[in-house]
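Worksheet for the structure shown next.
The values are calculated or read from the model by the stated rules, or taken from the named source; none is laboratory data. None of these values were measured; they are calculated from a predicted model. Here the Cβ positions follow ideal geometry from the backbone for every residue, glycine too, while neighbour counts run over all protein chains shown. When the accessible area is computed, the model is the full protein with side chains, heavy atoms only, and any ligands, DNA or RNA have been set aside. Shrake-Rupley method; radii C 1.70, N 1.55, O 1.52, S 1.80 Å.
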Amino acid sequence: MAEERRISEPFECAPGLRLAAHERVSAIHHEHLNMRLDRLEEMMERLERRLWLAVYGVAGVILAQAFQSFIAAAR
């Protein structure tokens, strides 16, 4: 019975505690890295929207100038 008690009791040693602490730190780093990646994705989406707005604006100006030249040629 004494042997069963020794086997079932948890044994904490310095390397085991250090490994557990390292796993917790790694999990925290991973969580913060995911948060930073999410923020980066949001910023890229906003930049993409701005880029498309600029593209559509340039295309609109070109079409307006073409339409204006057709109107002037028709007179």
As a check on your grasp of the helix formula, calculate [θ] at 222 nm for the chain: sum -39500 (n - 2.57) over DSSP H runs of n ≥ 4, divide by the residue count, round to the nearest 500. -33000 deg cm²/dmol
Any chance you could give the angle, 0 to 90 degrees and rounded to 10, that helix 14-74 forms with the longest Cα principal axis of the chain? 10
With all protein chains present, how much of the accessible area of the chain (probe radius 1.4 Å) comes from carbon and sulfur, to the nearest whole percent? 64
Obtain the nm distance between the two label points defined at Cys13 and Arg46 by a simple spin-label model: each point lies 7 Å from its Cα along the Cα-to-C-beta direction. 5.2
Given (i) 32.2, 109; (ii) 13.0, 45; (iii) 16.2, 57, which label gives Rg and Dmax of the Cα atoms in Å as computed from the coordinates? (i)
Neighbourhood charge, 14 Å Cβ-Cβ cut-off, centred on Glu42 and excluding it, Lys, Arg +1 and Asp, Glu -1: +1
